[in-house]
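*Asks:* Let me begin by handing over the structure; questions about it come next.
The values are calculated or read from the model by the stated rules, or taken from the named source; none is laboratory data. None of the values given here were measured: they were computed from a predicted structure. Ideal geometry is used to build each Cβ from the backbone, glycine not excepted, and the neighbour counts take in all protein chains shown.
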Amino acid sequence: MSEDAQQIHMIAVDSIKVLNPRVRNKRIFQELVTSIAHLGLKKPITVSLRGDGSGYDLVCGQGRLEAFVALGQSKIPAVVIQASRDDCFVMSLVENLARRHHTPLELLREIGSLKDRGYSIGDIAAKTDFSSEYIYALCYLLEHGEKRLLAAIERGVMPYSIAMEIAKAKDADVQQALAEAYEAKALPGNQLVAIRRIIEQRNLSGKRMQMTGGNRSRKQVTADALVRAYRKETERQKLLVKKAALIQSRLIFVVNALRRLLADDHFVTLLRAESMNTMPRPLQERLGGAGG
């Protein structure tokens, strides 16, 4: 059910607890405050009533809630749902992960929070819509304090599979493996230079996060292992491109078919008779508003 179809309540701001607080950019937050002050609240927040009735847990809308507090408002429009405290926490984390402008450390913190609460790699992957391999790599690099490698993955400098090979290897072995891969022309030069630069920075400045778990056994990495990891990532990305092209062609077929059907008055009459008066917004936009 959409928020527009749900009943909106005026909730006291001091009765709402933020389970998963986020640090916000001051400039962006001030723009939000100014917008709400001038135009009002465009979208209500979402809260869950606690089982003991003592107040509400915030599901989404921390920025809007804090803007109301900054404006001296005592109540805020809210949609009230029924959810456990853990479900509220997870929904809040997933909403944060869905934001486009997150930094590598923010992403790491959100995924780390889910793992700390006992969720498995598979659970986190399902909730965040990332692959299990990607989540496993992030959690492994987090546990081993590999901040630089995590940032490199998020910037697209190196695939997580190569980052894992580097993290599990001794630095000297990695340097030798990269040299062998370069001499064999098994890795592109720009990729190799970017990876080498990260390793050199890592050796000079450290990982900038405390290592945990004491000494751990490390496997020896070879040029072949790095090349295999790189080629595996390349093939994975090629497969994603092929899947995307297939989905795009299917979508074009569906849109064209619907456009023809919606041009048939008898078909439109049948839809109305069945009370089928709406369609998903992305599909309606592709149809150019036809059949709206």
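*Asks:* Collect the residues in the range 1-17 that are of a type in the set (A, V, I, L, M, F, W, C) and modelled with pLDDT of 85 or more, keeping them in residue-number order.
*Replies:* Start the filter on the range 1-17 by keeping residues that are of a type in the set (A, V, I, L, M, F, W, C), which leaves 1, 5, 8, 10-13, 16.
Listed by number, the residues that qualify are Ile8, Met10, Ile11, Ala12, Val13, Ile16.
*Asks:* Moving on. May I ask you to list the residues in the range 131-152 that are among the hydrophobic types (A, V, I, L, M, F, W, C) and more than 20 Å from Asp86 (Cβ to Cβ)?
*Replies:* Those that are among the hydrophobic types (A, V, I, L, M, F, W, C) and more than 20 Å from Asp86 (Cβ to Cβ): Ala137, Leu138, Leu141, Leu142, Leu149, Leu150, Ala151, Ala152.
*Asks:* Sticking with this structure for a sec: Determine, yes or no, whether Lys147 is closer than 21 Å to Gly112 by Cα and modelled with pLDDT under 75.
*Replies:* Spelling it out, it is not the case that Lys147 is closer than 21 Å to Gly112 by Cα and modelled with pLDDT under 75.
*Asks:* With the requirement that a residue be without any contact (Cβ under 8 Å) to a residue 40 or more places away in the chain and of a type in the set (Val, Ile, Thr), what does the range 116-159 give you?
*Replies:* Residues satisfying the conditions are Ile121, Ile124, Thr128, Ile135.
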